[in-house]
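These notes are about the structure you will find just below.
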Amino acid sequence: MGIISNLKKLRKPQNEGANGQAKLNGKANGTEGEMTFLEHLEELRWHLIRSLASILVFGIGIFVNINWIFTNVIYAPFKKEFFTHEILCQLREALCFEKLPVEIIALGPYEQFLKSITISFIAGFIISFPYFIWEMWRFIKPGLKASERKGVRGNVFIISILFFIGVAFSYYVILPFAIQFLSTYQLGAEITNQWKVGLVVGMVTQITLAGGILFEMPIIVYYLSKMGILTPEFMKKYQRHAIVIMLVLAAIITPPDVVSQVLIFFPLLLLYKISIRICTWVTTKEAKKLEDI
């Protein structure tokens, strides 16, 4: 896509300092103003600062309401009234429960406060994810040709939708199964389940965030195919290797129970199949462009 080379012709920096004046002088002398590598880094820095500021703003809002967030979001999958548990209870009576046999505890004086910060930051990132992607798009966009911009139109929306679908799927499907299995599994009747609040927060955030990132597979394949790095033949040839990798990923991001791993594996396999079709479509389209030339 020639992004790196085209970035040399980005717009002028917003600040009207000495560098900006030098560019104006250069244009007055008949030379085209170009941003230096350091100026690119400066511009990227401001995009990242604005992205982090949005995460901070939403994170502060979450932290102010952290008690409500923990009770109604983090701890919600432990309650029998949770959406998924109610559906499972209607489908199979053996999956019904009044209260899961697990007690959440804090073992350190700072644990609850530190985990409040963790929840606030990760929740702030999830909420502000579309804005983060939009800022990255604003940085890349000036380095693209007009035809390339047209080809990626609406991708900020698509990336955001895929991310939220992955988060929702992990939160409403994978997480409840994992919690119910792990909380009811017993090595012996003498053992009582007491989970550290830090581990509970880590499990909830890890599964939901990983699901959102893994669901970006189709858009990643789209760009790699457009750059000629991926081909449908390559993806089909190494499909078995990809399945092994997906099984390993499912085992890493989910608790050690087969149900949760299967629940994350099959959507990943479906996304891989869809990605092959996307790769085929992009490759065919790019080949036609070359023929027209």
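The values are calculated or read from the model by the stated rules, or taken from the named source; none is laboratory data. Everything numeric in this text was worked out from a predicted model, so none of it was measured. Methodologically, a virtual Cβ is constructed for each residue, glycine included, from the backbone with ideal geometry; neighbour enumeration extends over all protein chains shown. These accessible areas exclude ligands, DNA and RNA; they are computed on the full protein's heavy atoms, side chains included. Shrake-Rupley method; radii C 1.70, N 1.55, O 1.52, S 1.80 Å.
Quick notes
- Some residue of region 215-225 being exposed (fewer than 13 other Cβ atoms within 10 Å of the Cβ), more than 17 Å from the chain's Cα centre (by Cα) and of a type outside the set (Lys, Arg): no
- Leu230 being in contact (Cβ under 8 Å) with a residue 40 or more places away in the chain, under 24 Å from Lys285 (Cα atoms) and in contact with a Leu (Cβ under 8 Å, 6 or more places away or on another chain): yes
- Subset of region 197-214 [open to solvent by less than 10 Å² (accessible area, probe 1.4 Å) and of a type in the set (A, V, I, L, M)]: Val200, Val201, Val204, Ile207
- Leu114 being open to solvent by less than 70 Å² (accessible area, probe 1.4 Å), of a type in the set (A, V, I, L, M) and modelled with pLDDT of 80 or more: no
- Meets criteria (at pLDDT 85 or above, assigned to a helix (DSSP H, G or I), under 30 Å from Phe266 (Cβ atoms) and open to solvent by 20 Å² or more (accessible area, probe 1.4 Å)) for Ile133: yes
- The residues in region 47-72 that are of a type in the set (A, V, I, L, M, F, W, C) and either touching a helix residue (DSSP H, G or I) at 6+ places or on another chain (Cβ under 6 Å) or in contact (Cβ under 8 Å) with a residue 12 or more places away in the chain (or both) can be counted, and the count is 11.
- Here Ile161 passes the criteria (1) without any contact (Cβ under 8 Å) to a residue 12 or more places away in the chain; (2) farther than 23 Å from Phe83 by Cα except the one numbered (2).
- For region 54-98, residues that are surrounded by 11 or more Cβ atoms within 10 Å (Cβ to Cβ) and in a loop (DSSP other than H, G, I, E, B) total 7.
- Residue match in region 181-196 (condition: open to solvent by less than 20 Å² (accessible area, probe 1.4 Å), without any contact (Cβ under 8 Å) to a residue 60 or more places away in the chain, outside any helix (DSSP H, G or I) and over 22 Å from Ser275 (Cβ atoms)): yes
- Hey, Leu199 touching a residue at least 40 places away in the same chain (Cβ under 8 Å), at negative phi and assigned to a helix (DSSP H, G or I) or not: no
- Taken over region 99-130, the criterion of being more than 30 Å from Ile158 (Cβ to Cβ) and in a helix (DSSP H, G or I) is satisfied by Glu111, Gln112, Phe113, Leu114, Lys115, Ser116, Ile117.
- Of all residues in region 99-110 being open to solvent by 50 Å² or more (accessible area, probe 1.4 Å) and without any contact (Cβ under 8 Å) to a residue 12 or more places away in the chain, the one that is farthest from Ile126 (Cα to Cα): Pro109
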